[in-house]
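Novice: Sending over a structure as structure tokens; questions will come in a sec.
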Amino acid sequence: RRSGQYTMNHDYSKKTPDGASFDRSGSQDSLDELSMDDYWKELENIHETRGNNHEEQVAVVVKEPDEGELEEEWLKEAGLSNLFGESSGDSLESMVFLSTLTRTQKAAVEKRVETVTQTMRKKTKQHHIPDVREIFRLQNDSEGKVCDGSEPSTVRTSENKNEVPGGTKGPKFNLGIDEQKSPLEDVQFLDTDINLEISFAEQAANLKESSVGKMCKGGGGDTLLPNFRLPKDKTGTTKIGDLAPQDMKKVYSLALIELTALYDILGTEFKQQKAVKIKTKDSGLFGVPLSVLLEQDQKKVPGTKIPLIFQKLIAQIEEATLETEGLLRIPGVATRVKSLCQELEAKFYEGTFNWENVKQHDAASLLKLFIRELPQPLLTVEYLKAFQAVQNLPTKKQQLQALNLLVLLLPEANRDTLKVLLEFLQRVIDHRDKNKMTLKNVAMVMAPNLFTFHGFGSKTIEQSEFVMAAGTANVMRFMIQYQKLLWTIPKFIVNQVRKQNTERQKKEKKDKAMKKLLKKMAYDREKHEKQEKTPNDADVPQGVIRVQAPHLSKVSMAIQLTEELKAGDIVARFLSQKSGSVQTLKKEEVFLYEIGGNIGERCLDDDTYMKDLYQLNPNAEWVIKSKQS
């Protein structure tokens with residue numbers, strides 16, 4: 001299969017206890033020795049390169065948090081910091097937010113608020129700390145319907161039994177969890193379908209509670225990954241990048257709570273790590289934070305989202321041919337890679353670097369070096385351990401769901417760079433017949449570059465080296481294999497965002513002072529009068545939507561909704577007008593957007609059924625524009 005003749009004399013090969021095989025819990029499929037060999041060999045290469053780099057400094061130290069600190073940080077990240085401390089109970093936003101959570105999400109929030117309030121009571125016995133139960137009781141009173149539109153069942157408050165789930169007595173506040181199980185929809189889902197309609201944690205809870213749902217470890221020991229797919233959603237699939245920034249903030253908070261709830265249900269520890277910042281380089285290429293790199297690069301190429309050096313290294317590897325045997329596995333010559341690295345630092349931005357001198361294996365080594373040398377890992381200090389913990393989840397589907405949520409939690413720069421990397425790795429694998437680099441081989445070689453981070457110290461890594469090797473390689477396989485699914489925002493989260501927007505709008509309407517209300521009414525009346533004068537915006541009859549394209553055409557279109565009409569049909573109809581600047585546009589450059597109503601802004605995929613979406617958001621405006629405008 002390949003000609004590598006080296007012998008495994010590395011210390012790592014002696015570490016497995018006699019007769020012990022790798023721990024295959026989670027998704028550790030059977031991994032043949034040869035491909036594990038790739039992992040250890042790659043680790044050896046990494047240690048050699050590190051050994052040569054005398055200037056290396058640990059850029060980030062991970063701090064062990066105090067009691068309650070993790071939970072406090074978690075609540076801040078989830079946008080719920082006003083559930084404790086002095087500002088307790090102040091925020092309308094938090095009340096709205098909490099009212100849209102599922103029962104498992106609420107349980108995750110409750111658990112963390114309980115820890116924080118207990119810690120605060122210990123620290124400040126003499127001060128009065130607002131009783132968090134009051135906030136939740138207030139939230140329960142104001143709560144209307146729960147997420148799926150059903151009436152909430154009787155809410156348990158702290159006055160009901162003072163029982164904590166473990167059976168111990170003591171005061172326990174409650175967010176008003178809906179006691180009834182969230183019913184699984186009537187839609188039939190196949191085993192390989194990823195159900196995005198229902199919260200992942202709710203699905204896990206239902207699976208655990210149902211007598212049928214025996215959680216099989218790792219979903220079987222097959223080496224082939226299941227052919228997971230997303231069933232078609234009539235209201236359109238929402239991808240990362242389709243929503244406006246204000247809605248993405250809500251997505252982030254919901255994804256964090258959902259992931260925590262999923263890990264809670266499945267008994268896996270979810271701990272965000274906290275990075276203590278240490279001075280890092282503020283210019284250059286290698287060992288520079290992504291944000292600094294992008295700031296530099298955007299001066300050269302405005303709007304660039306991926307570091308230029310990263311793009312160039314990938315282009316350099318692809319320029320030769322992706323059919324080279326052992327691509328990514330065979331390292332470049334260490335001394336040459338080091339001198340190229342120094343030369344790039346000096347000449348890359350000046351444009352005087354001679355790329356003809358760079359051999360393909362050297363470029364591949366430089367690409368991996370770039371990833372490893374980031375002062376904070378590409379998967380971030382905060383979430384690297386959560387990515388590693390994916391291997392401990394019981395089923396492959398749950399592992400995929402957790403990865404989906406983790407990708408949503410990454411900062412934009414990290415997520416965009418990871419996406420370009422995974423797409424490149426898939427292109428390498430597409431040439432596996434020639435380059436002998438299968439999905440498994442590529443995952444083995446890339447895992448140590450993404451998952452070993454010296455900021456955590458080598459101790460923890462040494463202790464669980466073997467489990468981690470097989471585990472992280474499998475997480476790497478999942479990320480490559482299912483990358484198209486991972487960049488999808490689950491529908492249940494988009495629906496929660498819609499519900500938050502609707503609830504907030506309702507509360508704002510009630511709570512705004514009369515003066516502001518009158519001012520708005522006067523403004524609306526004026527706006528309405530202006531609209532009436534415009535012939536294009538005459539009253540739209542029932543079942544008809546008006547589609548605008550302000551950046552592209554003066555003409556707006558009235559479109560009759562039918563059962564089969566899709567977003568792509570409307571864009572095609574618009575492009576067929578051939579008026580103004582429309583004739584120069586290509587189909588793939590323009591999209592139909594849903595704007596306002598219960599969403600900030602959402603770019604629609606071509607297969608969105610418009611009538612179904614209109615019923616979900618009847619107050620939206622419909623606008624055709626390019627992604628840039």
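The values are calculated or read from the model by the stated rules, or taken from the named source; none is laboratory data. None of these values were measured; they are calculated from a predicted model. Heads up, the Cβs are rebuilt from the backbone with ideal geometry, glycines too, and the neighbour counts pull from every protein chain shown. These accessible areas exclude ligands, DNA and RNA; they are computed on the full protein's heavy atoms, side chains included. Shrake-Rupley method; radii C 1.70, N 1.55, O 1.52, S 1.80 Å.
Novice: Does Lys578 fit the bill of being closer than 30 Å to Gln505 by Cα and either modelled with pLDDT of 70 or more or open to solvent by 20 Å² or more (accessible area, probe 1.4 Å) (or both)?
Specialist: Values: closer than 30 Å to Gln505 by Cα: no; either modelled with pLDDT of 70 or more or open to solvent by 20 Å² or more (accessible area, probe 1.4 Å) (or both): yes.
Taking the combined requirement at face value, the residue does not satisfy it.
Novice: Can you confirm whether Gly326 is of a type in the set (Gly, Ala, Ser) and open to solvent by less than 20 Å² (accessible area, probe 1.4 Å)? Steps first, answer last, please.
Specialist: Working: of a type in the set (Gly, Ala, Ser): yes; open to solvent by less than 20 Å² (accessible area, probe 1.4 Å): yes.
When the stated conditions are applied, Gly326 passes them.
Novice: Quick one: is Gly213 open to solvent by less than 20 Å² (accessible area, probe 1.4 Å), outside any helix (DSSP H, G or I) and at pLDDT below 85?
Specialist: Details: open to solvent by less than 20 Å² (accessible area, probe 1.4 Å): yes; outside any helix (DSSP H, G or I): yes; at pLDDT below 85: yes.
Yes; evaluated as a whole, the condition is true for this residue.
Novice: Restricting to the range 299-332, give me the number of residues that are closer than 13 Å to Trp355 by Cβ and charged (D, E, K, R).
Specialist: Total satisfying the criteria: 3.
Novice: Still on this structure, I have one more. In the range 341-352, how many residues are buried (at least 18 other Cβ atoms within 10 Å of the Cβ) and over 34 Å from the mean Cα position of the chain (by Cα)?
Specialist: The number of residues fulfilling the criteria is 0.
Novice: Across the range 602-621, what is the number of residues that are within 22 Å of Glu503 (Cα to Cα), open to solvent by less than 50 Å² (accessible area, probe 1.4 Å) and touching a residue at least 60 places away in the same chain (Cβ under 8 Å)? Spell out how you get there, then give the answer.
Specialist: Just the residues of the range 602-621 that are within 22 Å of Glu503 (Cα to Cα), to begin with: 602, 612-621.
Filter again for open to solvent by less than 50 Å² (accessible area, probe 1.4 Å), leaving 602, 612-613, 617, 620.
Right, trim to touching a residue at least 60 places away in the same chain (Cβ under 8 Å) and you get 602, 612-613, 617.
Going through the range 602-621 one residue at a time, the tally reaches 4.
Novice: Could you look through the range 243-299, keep only residues that are without any contact (Cβ under 8 Å) to a residue 24 or more places away in the chain and hydrophobic (A, V, I, L, M, F, W, C), and pick out the one that is nearest to Asn501 (Cα to Cα)?
Specialist: Out of the qualifying residues, it is Met248.
Novice: Restricting to helices (runs of 4 or more DSSP H) lying wholly in the range 361-456: which have 2 or more residues that are out of contact with any Phe, Trp or Tyr (no Cβ under 6 Å at 6 or more places or on another chain) and crowded, with 20+ Cβ neighbours inside 10 Å? Quick ask: steps written out before the conclusion?
Specialist: Working: elements: 381-389, 396-409, 412-429, 432-435, 439-451.
Ranges flagged: 381-389, 396-409, 412-429, 439-451.
Novice: Here's a follow-up. Taking the range 85-129, which residues are at pLDDT 85 or above, open to solvent by 20 Å² or more (accessible area, probe 1.4 Å) and part of a loop (DSSP other than H, G, I, E, B)?
Specialist: Result: Thr102, single match.
Novice: When you check Ser464 against the structure, is it over 22 Å from the mean Cα position of the chain (by Cα), farther than 22 Å from Phe370 by Cα and at pLDDT below 90, yes or no?
Specialist: Working: over 22 Å from the mean Cα position of the chain (by Cα): yes; farther than 22 Å from Phe370 by Cα: yes; at pLDDT below 90: yes.
Considered against the rule, which asks whether it is over 22 Å from the mean Cα position of the chain (by Cα), farther than 22 Å from Phe370 by Cα and at pLDDT below 90, Ser464 comes out as yes.
Novice: Follow-up question, since we're still on this one. Restricting attention to the range 56-71, which residues are at pLDDT below 85 and either open to solvent by 40 Å² or more (accessible area, probe 1.4 Å) or under 17 Å from Leu256 (Cβ atoms) (or both)?
Specialist: So in the range 56-71, the residues at pLDDT below 85 come out as 56-70.
Scanning the range 56-71 gives Glu56, Gln57, Val58, Val61, Lys63, Glu64, Pro65, Asp66, Glu67, Glu69, Leu70.
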